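First comes the structure, then the notes that go with it.
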Amino acid sequence: MTEKDLLSKAKKYLKDHYGEDTVSMDVTGNDVSEKGDGIFSVDCTVRVGSEESDWSKKFHFKAGNVVRMDWRMR
């Protein structure tokens, strides 16, 4: 999987599961294998309604799909 694919899936996961619009997303780590398994880490700013917040998030991928996410506020 390309980094572009991972970014797209991470942004979609945030929108679908949390209603978050991505303002910015910077990759801090990419351990996802060609098979789509591993952890994709980002620092991001998201918006819900008019509120923006900054986070460090780790997306856990299995077979090319996000299966869960860890987060902490920056």
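The values are calculated or read from the model by the stated rules, or taken from the named source; none is laboratory data. Keep in mind it's a predicted model, so treat the numbers as computed, not measured. Every residue, glycine as well, gets a Cβ built from its backbone with ideal geometry; the counts of neighbours run over all protein chains shown. We work out accessible area using only protein heavy atoms, side chains counted, and drop any ligands, DNA or RNA first. Shrake-Rupley method; radii C 1.70, N 1.55, O 1.52, S 1.80 Å.
Quick look at the values:
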item	result
Filtered residues of the range 33-61 (kept if of a type in the set (Gly, Ala, Ser) and assigned to a strand (DSSP E or B))	GLY38, SER41, SER53, SER56
When residues of the range 14-39 are limited to those that are over 24 Å from GLU51 (Cα atoms) and of a type in the set (D, E, K, R), the one least open to solvent (accessible area, probe 1.4 Å)	ASP37
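Let's see how each residue does on (1) in contact with a Leu (Cβ under 7 Å, 6 or more places away or on another chain); (2) among the β-branched types (Val, Ile, Thr); (3) free of Cβ contacts under 8 Å to residues at least 60 places away in the same chain:
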site	(1), (2), (3)
VAL23	no, yes, yes
GLY36	no, no, yes
VAL46	yes, yes, yes
GLY49	no, no, yes
LYS57	no, no, yes
ALA63	no, no, yes
VAL66	no, yes, yes
